[in-house]
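Q: Sending over a structure as structure tokens; questions will come in a sec.
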Amino acid sequence: MRVITGTARGRRLKSPKGDDSRPTADLVKEAIFSAIQFEIDGKVVADLFAGTGQLGIEALSRGARRAVFADSSAEAVAIVRENLQLCGFADKSEVSALSVAAFLKKTDAVFDIAFVDPPYGQDLINRTLPLLVPKMAAEGIIICEHEKEYKTNDIVGNYVVYKVYKHGKTHVTIYRQR
């Protein structure tokens, strides 16, 4: 797993041992960032269910102003912090060791782009989006990675499914405001 492009291009990121983490495949990550490539510069990004932090780190590498990472796993939080140091982005970041629901209820932050990549099989996207939508900026983008069998809600608050990208067993659903 590596940073694809930008200021940290080519940096290899660390990931937890074992099967608890499911890092986004490079092909899927490239597709995500191709879809939003002109909308990242200067933005505030949320990487929810951060795991290794690779999506937020990729956004920082491509010019995002700030990234906030949330994960309830102590091991994941430690890995995210290590990867931020490795890439030189610790000063542009905040890492929260709370569940995503608790983090979203607590934070006053407003996000331009949010990555939602939870563990599969727990309906976490549909439970997270109603908490996330009020934290989004006026022209915000929500990007959800999920298994192809998962059915995301078509409408959440003032957000609707804009596009669904299909990459084998992984689907990426992008929400934008109506």
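The values are calculated or read from the model by the stated rules, or taken from the named source; none is laboratory data. On a predicted model such as this, the values are computed, not experimentally measured, just so you know. Please note: Cβ atoms are built from the backbone with ideal geometry, for glycine as well, and neighbour counts cover all protein chains shown. These area figures cover heavy atoms from the full protein model, side chains too; ligands, DNA and RNA do not enter into them. Shrake-Rupley method; radii C 1.70, N 1.55, O 1.52, S 1.80 Å.
Q: For the range 89-107, give me each residue that is more than 14 Å from Glu58 (Cβ to Cβ) and small (Gly, Ala, Ser). Give the steps one after another, and end with the answer.
A: Within the range 89-107, the first condition is being more than 14 Å from Glu58 (Cβ to Cβ), and the residues that meet it are 90-91, 94-107.
If the condition is that a residue be more than 14 Å from Glu58 (Cβ to Cβ) and small (Gly, Ala, Ser), then Ala90, Ser96, Ala97, Ser99, Ala101, Ala102 are the ones that fit.
Q: A further question on this structure: In the range 146-172, how many are of a type in the set (Val, Ile, Thr) and either open to solvent by 40 Å² or more (accessible area, probe 1.4 Å) or out of contact with any helix residue (DSSP H, G or I) (no Cβ under 8 Å at 6 or more places or on another chain) (or both)?
A: Going through the range 146-172, the residues of a type in the set (Val, Ile, Thr) turn out to be 152, 155-156, 160-161, 164, 170, 172.
Now restrict to residues that are either open to solvent by 40 Å² or more (accessible area, probe 1.4 Å) or out of contact with any helix residue (DSSP H, G or I) (no Cβ under 8 Å at 6 or more places or on another chain) (or both): 155, 160-161, 164.
The total comes to 4.
Q: Pairs under 6 Å by beta carbon, first residue among the charged types (D, E, K, R) in the range 164-178, partner open to solvent by 30 Å² or more (accessible area, probe 1.4 Å), six or more apart or different chains?
A: Here the result reads Lys169/Lys148; Arg176/Tyr162; Arg178/Asn158; Arg178/Val160, each pair linking the range 164-178 to a residue that is open to solvent by 30 Å² or more (accessible area, probe 1.4 Å).
Q: For Phe49, indicate whether it is free of Cβ contacts under 8 Å to residues at least 12 places away in the same chain and open to solvent by 20 Å² or more (accessible area, probe 1.4 Å).
A: Working: free of Cβ contacts under 8 Å to residues at least 12 places away in the same chain: no; open to solvent by 20 Å² or more (accessible area, probe 1.4 Å): yes.
Taking the combined requirement at face value, the residue does not satisfy it.
Q: Consider the range 37-68. How many of its residues are more than 21 Å from Leu104 (Cβ to Cβ) and hydrophobic (A, V, I, L, M, F, W, C)? Lay out the reasoning, then the answer.
A: Of the range 37-68, the ones more than 21 Å from Leu104 (Cβ to Cβ) are 37-42, 58, 61-63.
Then keep just the ones that are hydrophobic (A, V, I, L, M, F, W, C); that gives 38, 40.
So the count comes out to 2.
Q: Which condition number does Glu75 fail, the rest of (1) in contact with a Lys or Arg (Cβ under 8 Å, 6 or more places away or on another chain); (2) without any contact (Cβ under 8 Å) to a residue 60 or more places away in the chain; (3) open to solvent by 10 Å² or more (accessible area, probe 1.4 Å) being met?
A: Answer for Glu75: the failing condition is (1).
Q: Moving on. Of all residues in the range 7-35, how many are modelled with pLDDT of 85 or more and either surrounded by 18 or more Cβ atoms within 10 Å (Cβ to Cβ) or farther than 20 Å from Ile141 by Cβ (or both)?
A: Result for the range 7-35: 13.
Q: Related question: Just checking, which of Thr152, Thr107, Thr170 is among the hydroxyl-bearing types (Ser, Thr, Tyr) and at pLDDT below 95?
A: Exactly one of Thr152, Thr107, Thr170 is among the hydroxyl-bearing types (Ser, Thr, Tyr) and at pLDDT below 95, namely Thr170.
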